Every structure is written in C-alpha cells, then in structure tokens.
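For reference, the structure discussed in these notes is given below.
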Amino acid sequence: MPFLQPETPGRPGPTPGSVDYRFARRQLLHRFRAGELDRTDVCDAQSELLRVGHNCSQRATAPCPVCGESQLRLVRYVFGPRLPAGGKVVAGRAELRKVTEGRVGARCYTVEVCLACRWNHLLRVDPVGRQPA
Ligand SMILES: [Zn+2]
C-alpha cells in the first residue's frame, strides 16, 4: 500500500529526521468539526488498513477523535531498502527493533485508524535503524 504525500509537510519532530503530523491532524479535525468537511471525507480508511488495524496494531491510549469509540489503533509501516514496496507492518516496538536492526535508511510511518468509523491519519514519520551519514 503506497503512501500518498500528505497535504502538509508536517513539522520537525523531536528526533532528527522525524516529522510530526499532529498539527495537520488538528487542522483536519477542526475543518471537520466546523462542517467544512463531511464525515466521508475524513473516515475513509481502505479495507487493507482496517485489516492491518484489526490484526497487527497497538491499541491507542486515546479514543477516536471523530466517533469517540475506543477502537483507535496505531499501525506502523517500515519502508526502506530491501523491504516490500508496500512497507513492512510491525506490530510493536520489539518487532520494529528486530526489523530495523542493522538496516540503513529505513523510516517508520505511524498511522492511526479507527476500526469503528474508519477515521485514519498519518501521525508521524521517524527514521529507524541506522541512518546514512
Ligand atoms: Zn472512530
């Protein structure tokens, strides 16, 4: 599943090379709550993302910002050299460490998805494993 470029470039995250998309998320939710966007505009998770959210994700600590249900999941995809073009799904931090050990130039995309209403948003992109000098 290729990732489309987000509408905003995000902002630098706490780790060098990481990008945080929380501001873009807040903007999108603000537009939704203001009535500028329909629920179908923001709750459009593809079936593959929902499947991964069901089977290979972490439960989020917060409820869904759209429907309020506790079905919000965090899905992590790792992209990098010698990984599948659609990314490698990792279930948690232990698997993330295993997949990225010794790997150079990989990035982890963390996406939240609600299994109840299909809300989804890219939260952050982090460099993982060894980074090229
Ligand atoms: Zn929801």
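Quick check on my filter: what residues within the range 31-55 are over 17 Å from Leu122 (Cβ atoms) and not hydroxyl-bearing (Ser, Thr, Tyr)? Give the steps one after another, and end with the answer.
Step one: list which residues in the range 31-55 are over 17 Å from Leu122 (Cβ atoms), which gives 33-36, 38-40, 47, 51, 54-55.
Hits for the range 31-55 are Arg33, Ala34, Gly35, Glu36, Asp38, Arg39, Arg51, His54, Asn55.
Of all residues in the range 16-44, which are within 13 Å of the chain's Cα centre (by Cα) and within 14 Å of the ligand (Cβ to nearest atom)?
Hit for the range 16-44 is Arg25, nothing else.
I need the full set of residues from the range 31-70 which are under 22 Å from Gly86 (Cβ atoms) and not in a loop (DSSP other than H, G, I, E, B), in order please.
Ser47, Glu48, Leu49, Leu50, Arg51, Val52, Gly53, His54, Asn55, Gln58 - these are the residues of the range 31-70 that are under 22 Å from Gly86 (Cβ atoms) and not in a loop (DSSP other than H, G, I, E, B).
For the range 97-119, does any single residue satisfy the condition of being surrounded by 13 or more Cβ atoms within 10 Å (Cβ to Cβ), of a type in the set (Val, Ile, Thr), outside any helix (DSSP H, G or I) and within 16 Å of the ligand (Cβ to nearest atom)?
The answer is yes, given that some residue of the range 97-119 is surrounded by 13 or more Cβ atoms within 10 Å (Cβ to Cβ), of a type in the set (Val, Ile, Thr), outside any helix (DSSP H, G or I) and within 16 Å of the ligand (Cβ to nearest atom).
Quick check on the range 45-62: of everything there that is within 12 Å of the ligand (Cβ to nearest atom) and more than 9 Å from Cys114 (Cα to Cα), which residue is surrounded by the fewest Cβ atoms within 10 Å (Cβ to Cβ)?
The extreme case among them is Ala62.
Take the range 69-95 and flag every residue that is of a type in the set (A, V, I, L, M), over 13 Å from the mean Cα position of the chain (by Cα) and either at pLDDT 90 or above or within 16 Å of the ligand (Cβ to nearest atom) (or both).
Leu83, Ala85
The values are calculated or read from the model by the stated rules, or taken from the named source; none is laboratory data. Because the structure is a prediction, the values reported are computed rather than measured. Every residue, glycine among them, receives a Cβ derived from its backbone with ideal geometry; neighbour counts consider all protein chains shown.
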